[in-house]
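Reading through the structure tokens given below for one structure.
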Amino acid sequence: MIFLLILYNICTFVTAFAADASSLIAGEFDATSKNERQKIAKDIIGQIEKLSSYLSTPKPSEIKWVNNERVAIDKLKGTDAWTERIQKLYESPEFQQQKLKSHLDNIIDSLQCVTNENVNLKSEILCWAVASHHLSDETTLNDSIMILKRSGLLPEDIVKKADITESLGYGAKYNWFARGINEYIIIPYLSGRINE
């Protein structure tokens, strides 16, 4: 019921403003228009950059610690200690901070490709596909945000500040965007309905 209410509110918002990220959810935009696709990409970039702005840049010592842990874990393959140590690394704020930062940068990079005026349609669609792949990774978004929030590396009110959902998972909104990209941009392109 809560999901339907949220979806209704988002769809209502979509009808008021066309060609933004929310319009991906209901498909209420002209997917054949490069201009509208670029507006959507720019809006998603803005939303991802808002979340990313609350992440601090990893310190060299944190990067070194994560790299050293990976090397140490590789040496433990095949032992009982491997599972425990990899779990500890995965749950560490140092690892999750780097992971989330890299993940968000990948989304931004792929969408900046879409907004490039000189990109040809085939390359643009590939960039949409890469963006959709990363946006649909709810596990990374959910785990990273939860661990960083719990560790005090993201604000307690990150949901409000970054305009993300919590009740359905931190990555839910981005997954809806990914589904919209597939349904309203990639699949129509592959079926020959988007030509420019």
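Taking each DSSP H run with n ≥ 4 as -39500 (n - 2.57) and averaging over every residue of the chain yields -21500 deg cm²/dmol at 222 nm. In the chain, taking the dipole from charged Cβ atoms about the Cα centre, the farthest positive-side position among Thr165, Tyr90, Asn68 is held by Asn68.
Among the protein heavy atoms, those of Tyr54 account for about 80 Å² of accessible surface (1.4 Å probe, every chain in place). Assign one of three labels to region 51-153, namely rounded, prolate or oblate, based on the Cα gyration tensor with a ≥ b ≥ c the square roots of its eigenvalues; rounded applies when a/c is under 1.5, prolate when it is not and a/b is larger than b/c, and oblate otherwise. It is prolate, given that a/c is not under 1.5 and a/b is the larger ratio.
Give the Debye-formula value of log10 I(q)/I(0) at each listed q (0.13, 0.17, 0.26 Å⁻¹), with one equal scatterer per alpha carbon of region 16-76, two decimals each. Result of the Debye calculation: -0.57, -0.66, -1.02.
Rounded to the nearest 20 debye, the dipole size of region 7-154 about its Cα centre is 420 debye, using +1 on the Cβ of Lys and Arg and -1 on the Cβ of Asp and Glu.
A Cα-only calculation for the chain places Rg and Dmax at 18.7, 57 Å. To put it simply, the accessible area of the chain at a 1.4 Å probe is 54 percent carbon and sulfur. Distance distribution P(r), region 131-188, all Cα-Cα pairs, bin width 5 angstrom from 0: 4, 20, 26, 22, 13, 8, 4, 2, 0 percent.
The values are calculated or read from the model by the stated rules, or taken from the named source; none is laboratory data. Keep in mind that what you see is a predicted model, and the values were worked out from it rather than measured. For neighbour counting, all protein chains shown are included, and Cβ atoms are generated from backbone atoms with ideal geometry for every residue, glycine included. The area values use the complete protein model at the heavy-atom level, side chains included, leaving out ligands, DNA and RNA. Shrake-Rupley method; radii C 1.70, N 1.55, O 1.52, S 1.80 Å.
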